[in-house]
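The values are calculated or read from the model by the stated rules, or taken from the named source; none is laboratory data. Everything numeric in this text was worked out from a predicted model, so none of it was measured. Positions of Cβ are generated from backbone atoms using ideal geometry, with glycine treated the same way; all protein chains shown enter the neighbour counts. Just the protein is used for accessible areas: all its heavy atoms, side chains included, with ligands, DNA and RNA removed. Shrake-Rupley method; radii C 1.70, N 1.55, O 1.52, S 1.80 Å.
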Amino acid sequence: MATSKIQAFLNHPAGPKTIHFWAPTFKWGISIANIADFAKPPEKISYPQQVAVTATGVIWSRYSMVITPRNLNLFAVNVAMAGTGLYQLSRKIRKDYFSDEKEPVPSLEG
């Protein structure tokens, strides 16, 4: 039973013998890096980078469900990308537009 499941996985059109498996598997590195960046202060978050991560996640999540072979690994990694990108954008927007902290005014005393 287990051998047949392993064989089915190995020989699947999106299995480890194809690029359809390895591309999304390595793409997880982007999501993991974005999760590691949760510890960074919001000032260091880049709007263009996070918009790109979010847009990529949203677009490719949809695409992964309409292509043949249907690739759940690609779907999962792109949902993770969209989610982490949206979270990072929300942190940056809250800091930039809804924070009560004011920028310190430089003093002219010297």
Exercise. Can you tell me which residue among 86, 108 is farther than 30 Å from residue 8 by Cβ and without any contact (Cβ under 8 Å) to a residue 24 or more places away in the chain?
Key: 108
Quiz item: Name the residues in the stretch 35-44 that are more than 30 Å from residue 10 (Cα to Cα) and within 14 Å of the chain's Cα centre (by Cα), would you?
Solution: 36, 37, 38
Quiz item: residue 43 passes all but one of (1) charged (D, E, K, R); (2) in contact (Cβ under 8 Å) with a residue 40 or more places away in the chain; (3) more than 27 Å from residue 99 (Cβ to Cβ); (4) open to solvent by 80 Å² or more (accessible area, probe 1.4 Å); which number fails?
Solution: (3)
Quiz item: How many residues does the stretch 74-106 contain that are open to solvent by 50 Å² or more (accessible area, probe 1.4 Å) and more than 22 Å from residue 45 (Cβ to Cβ)?
Solution: 3
Quiz item: How many of the residues making up the stretch 1-40 are touching a Ser or Thr at 6+ places or on another chain (Cβ under 9 Å), open to solvent by 70 Å² or more (accessible area, probe 1.4 Å), at pLDDT 90 or above and not β-branched (Val, Ile, Thr)?
Solution: 1
Quiz item: In the stretch 48-61, is there at least one residue being surrounded by 13 or more Cβ atoms within 10 Å (Cβ to Cβ), in contact with a Leu (Cβ under 7 Å, 6 or more places away or on another chain), farther than 23 Å from residue 16 by Cβ and not β-branched (Val, Ile, Thr)?
Solution: yes
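To keep it simple, each residue is scored yes or no on (1) aliphatic (A, V, I, L, M); (2) free of Cβ contacts under 8 Å to residues at least 40 places away in the same chain; (3) in contact with a Pro (Cβ under 8 Å, 6 or more places away or on another chain).
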residue: 6; (1), (2), (3): yes, yes, no
residue: 15; (1), (2), (3): no, yes, no
residue: 34; (1), (2), (3): no, no, no
residue: 51; (1), (2), (3): yes, yes, no
residue: 63; (1), (2), (3): no, yes, no
residue: 75; (1), (2), (3): no, yes, no
Exercise. Could you tell me whether any residue of the stretch 62-73 is at pLDDT 90 or above, within 12 Å of the chain's Cα centre (by Cα) and surrounded by 16 or more Cβ atoms within 10 Å (Cβ to Cβ)?
Key: no
